[in-house]
Amino acid sequence: MTPLHLTINDKILQAIPGQTILQVAQQNGIDIPTLCAYKDLPPFGGCRICVVEVDRLRGFPTACTTPAEEGMVVRTETPALQSLRLETLNMLLSEHPLSCLVCEERNNCNLCMETIRKGGVTTGCGSCPKDQQCELQTLSHRLGVEDIRLPVKYRFYPVEKSDPFYDRDYNLCILCGRCVQVCEKLHFFSTLTFVERGPRTMVGTGLGKSHVDAGCSFCGACVERCPTGALAEKTRKWEGIPDREVETTCPYCAAGCSVQLHVRRGVVIGSRPGNDISVNGGNLCVHGRFGISEMVNHPTRLQKPWQLLEGRKFQCSWEEAIDLAAEKLSACQPNQVVMQVSASLPSEDIYLAQKFADQVLHIPTLFDKNANPPSGFQRLASQAATFDQLRAADCILAVGLDTRYSAAWLEYELKQCKQKGAILISINNGEQPLEQFANLFLHDSKGRANTVISRLVEVIKNEGDGTSSLDQAAEALRTSQRPFILVGSEYQGEPQIIDQIAQLAEVLKAGVICLPLQGNFYGALLIGALTNKMDQSSLPAVLYCIGDDPGLPAEFTILQNAFAPEQIKVDLGLPSAVFSERDGTFYNGELRQRSLVKAVEPPGMALPDWQILTAIARRMGSAGFEFHSTAEIREELEAAYPVEFWKQSAGSSIIVRQSGTKYDPVYLGVPLSSLVAGLRTLLPSNSAEERE
């Protein structure tokens with residue numbers, strides 16, 4: 001594509017055909033003020049703040065909607081432009097609370113007022129949750145707003161607080177259209193729209209519904225892009241500006257999304273999509289977007305060790321807690337103790353727990369009540385692809401995938417694929433939003449997935465008559481050049497369905513990504529440590545539970561977790577750190593290693609799980625637990641499991657090349673099929689025949 005040249009403020013600049021004047025200016029460090037334009041949104045031209053002068057063009061065109069042309073001469077800071085922008089801003093402010101913007105004492109007020117003044121109604125910047133973070137406030141200072149010459153009108157809209165994650169105060173809305181644009185053009189929803197007309201125009205939902213009733217997935221994209229305080233997140237409404245931002249990995253499911261934690265004064269106050277867009281494409285589901293700060297700062301977090309004496313909890317020191325745990329565990333024979341470990345823990349903790357079980361307690365496996373890895377997962381794991389390949393697929397089969405909340409960002413990806421011409425097929429229970437926009441829906445009642453997938457494989461092999469939806473789906477998959485299968489958590493514990501999905505993937509030579517609910521399900525599989533099969537014929541003397549609610553009754557229960565269940569008796573509580581308070585690694589559905597990065601210190605006396613495990617092991621007199629960091633544990637883990645999967649560096653991708661018309665997965669130049677034998681030695685199986 002031949003570049004073109006234009007002049008902006010006497011500078012000759014190069015541009016790509018199709019770029020707007022605003023885009024060219026921004027990439028060359030020239031600041032043209034705007035309120036409606038945003039980096040990933042299509043041009044809107046709503047605020048008219050970005051007006052410029054262009055030779056041979058009448059009037060003052062908006063830079064965000066005017067394409068750059070060869071030889072164009074542009075000026076952005078003439079007196080006429082500054083006067084016009086100020087007048088436009090005056091009109092915007094005439095319907096916006098502005099007392100602080102024009103107050104002569106505002107600088108003194110900012111110096112004297114140490115707290116944000118909350119109010120039922122926003123009357124100025126000091127009572128607005130977006131104070132010091134508002135683009136309108138910044139622009140007013142830049143353009144030198146000192147007074148408003150127009151009549152001021154307050155809209156008197158009620159503040160809408162009925163939705164669960166953010167409040168809406170449309171008295172602060174400037175009708176920039178960003179929220180409507182991102183909802184409709186990028187996420188393909190129509191939850192938000194412009195309602196009414198003329199001077200009564202405002203943003204809202206159709207028929208005045210709540211966001212829940214309007215089908216909102218609460219991805220938070222509208223809140224992130226709002227330039228004023230019109231949309232404000234409930235949990236961080238008054239937390240202010242973060243001191244720093246830390247990039248880490250969301251642990252809520254096996255997607256391993258990149259997430260950016262916002263930290264202020266040593267506390268996580270919020271989260272945003274991270275900069276690594278290779279997984280979640282710059283989006284988050286409701287858990288990652290709104291749930292993280294609530295979880296890590298929840299008032300019920302365990303902060304001190306405690307023990308149960310005569311039915312009452314008494315706090316104790318770490319030394320006392322470690323002594324008691326070591327005493328109880330040392331008194332048990334191997335058949336008297338069960339160690340329960342969650343598959344949502346980092347790989348380092350799962351490995352260390354397995355080593356503890358093997359070398360200290362002399363028990364063969366770790367228990368996880370939610371772990372049920374059918375043998376078919378071995379075959380699916382050998383065909384693991386990447387989210388980048390999902391974006392390039394021309395036919396996508398989603399099986400048991402719920403995109404309403406837990407994987408809502410995938411709706412955006414799937415709708416983008418449909419925009420490019422991909423066919424989307426869903427096999428589900430009929431109650432998921434995916435069915436609303438799928439091309440073909442094959443599962444109309446719960447319990448038929450097994451039959452549907454089996455029939456689909458049969459028709460793909462033998463061809464059908466093309467009359468039914470299943471025949472059409474089979475034809476679409478069979479003729480696809482880049483087929484892809486997304487497996488959700490709905491059928492995770494059903495071996496027959498998993499085996500059939502694995503068979504279908506092999507027939508199609510399709511890329512596959514499985515998304516269990518456990519954040520490190522694949523890491524647990526690769527270590528081969530977990531089982532949900534446990535002999536419950538006798539009550540264990542001690543249950544040592546890490547990262548989960550106890551799944552078995554026991555005479556003495558040790559709970560190592562960030563939270564304690566209310567209805568389950570726990571004899572010894574050991575407070576542990578959560579993902580934002582420690583380092584570590586996960587393996588996501590792509591078999592890609594994802595990194596945890598410590599952002600804040602644990603609350604109270606809480607410690608990372610690996611530190612608690614090593615302390616108990618040393619107290620019980622066991623050698624080999626002299627670790628001082630997760631890096632040391634990871635080094636031993638990789639030496640103990642010398643499989644190629646463990647040699648990938650944090651954040652690196654599994655490389656997949658295309659051979660002919662189907663996927664031929666390759667990692668670091670080695671076909672994954674040649675690594676399956678090594679993988680199977682790590683995966684748990686139920687019989688010698690399966691291991692063969």
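The values are calculated or read from the model by the stated rules, or taken from the named source; none is laboratory data. Computed from a predicted structure; not experimentally measured. We place every Cβ from the backbone using ideal geometry, glycine too, and count neighbours over all the protein chains shown. Surface areas here come from the heavy atoms of the whole protein model, side chains and all, with no ligands, DNA or RNA. Shrake-Rupley method; radii C 1.70, N 1.55, O 1.52, S 1.80 Å.
Structural remarks
- Computed over the chain, relative contact order equals 12 percent, with contacts defined as Cα pairs under 8 Å that lie 6+ residues apart.
- Other-chain or far-sequence residues with amide H under 5 Å of residue 73's (modelled H): 7, 55
- Look at the dipole of region 183-338 built from charges on Cβ: of 202, 227, 279, the Cα furthest out on the positive end belongs to 202.
- Charge dipole magnitude, Cβ of K and R +1, D and E -1 - region 1-129, Cα centre, debye nearest 20: 200
- Accessible surface of region 266-353, 1.4 Å probe, proportion on carbon and sulfur as whole %: 48
- Scalar couplings 3J(HN,Hα) for region 242-248, obtained by applying the Karplus form with A = 6.51, B = -1.76, C = 1.60 to θ = phi - 60°, are x, 6, 7, 10, 10, 7, 8 Hz; x denotes Gly and Pro.
- The lysine pair count for region 156-314, using Cα distances under 28 Å and pairs eight or more places apart or on different chains, is 10.
- Carbon plus sulfur fraction of accessible area for region 392-541, probe 1.4 Å, in percent: 43
- Whether region 90-240 is rounded, prolate or oblate, judged on the alpha carbon gyration tensor where a/c under 1.5 counts as rounded: prolate
- Our helix-only sum for the chain, with -39,500 (n - 2.57) per DSSP H run of n ≥ 4 divided by its residues, gives a mean residue ellipticity at 222 nm of -7000 deg cm²/dmol.
- Calculated from the structure at hand, Cα extents along the principal axes in Å is found among (i) 100, 69, 68; (ii) 85, 70, 48; (iii) 137, 55, 37 as (ii).
- Using a probe of 1.4 angstrom and keeping all protein chains present, the accessible surface of region 272-387 works out to 39 square angstrom per residue.
- Cα gyration tensor category, rounded, prolate or oblate, for region 21-78 with a/c compared to 1.5: prolate
- In this label model, residue 107 and residue 369 are separated by 6.3 nm, measuring between points 7 Å along each Cα→Cβ vector.
- Phi angles of region 624-638 translate, via the Karplus equation with coefficients 6.51, -1.76, 1.60 and θ = phi - 60°, into HN-Hα couplings of x, 10, 8, 9, 10, 7, 5, 4, 5, 5, 5, 4, 5, 4, 5 Hz per residue; Gly and Pro are given as x.
- Region 548-596 shape via C-alpha gyration tensor axes, a/c threshold 1.5: prolate
- Measuring with a 1.4 angstrom probe and ignoring ligands and nucleic acids, residue 463 comes out at about 120 Å² accessible.
- Radius of gyration and maximum dimension Dmax of region 494-647, Cα, Å: 18.3, 54
- Binned Cα-Cα distances of region 203-332, short to long, each 10 Å bin given as a whole percent: 11, 30, 24, 19, 12, 4, 1
- Tail beyond 23 Å, pair distance distribution of region 420-530 (Cα, percent): 28
- Where chymotrypsin sites (Phe, Trp or Tyr not before Pro) fall in DSSP loop in region 213-296, at most 16 other Cβ within 10 Å: 238
- Partners for residue 369 among lysines (Cα-Cα distance below 16 Å; same-chain residues under 8 apart left out): 533
- Estimated D of region 47-104 in µm² per second, where Rh is the Kirkwood radius over Cα pairs and Stokes-Einstein applies at 25 °C, 0.890 mPa s: 189
- Solvent accessible area, Å² - residue 399, 1.4 Å probe, full protein context: 0
- For region 1-128, the orientation-averaged shadow of the C-alpha convex hull comes to 10.3 nm² (one quarter of the hull surface).
- Expressed as a whole percent, the proportion of Cα-Cα pairs in region 268-333 lying more than 19 Å apart is 60%.
- Proximal aspartates and glutamates to residue 415, defined as alpha-carbon separation beneath 14 angstrom and excluding residues fewer than eight positions away on the same chain: 184, 394, 435
- The eigenvalues of the Cα gyration tensor, multiplied by 5 and square-rooted, give region 290-395 an equivalent ellipsoid with semi-axes of 37, 23, 11 Å from largest to smallest.
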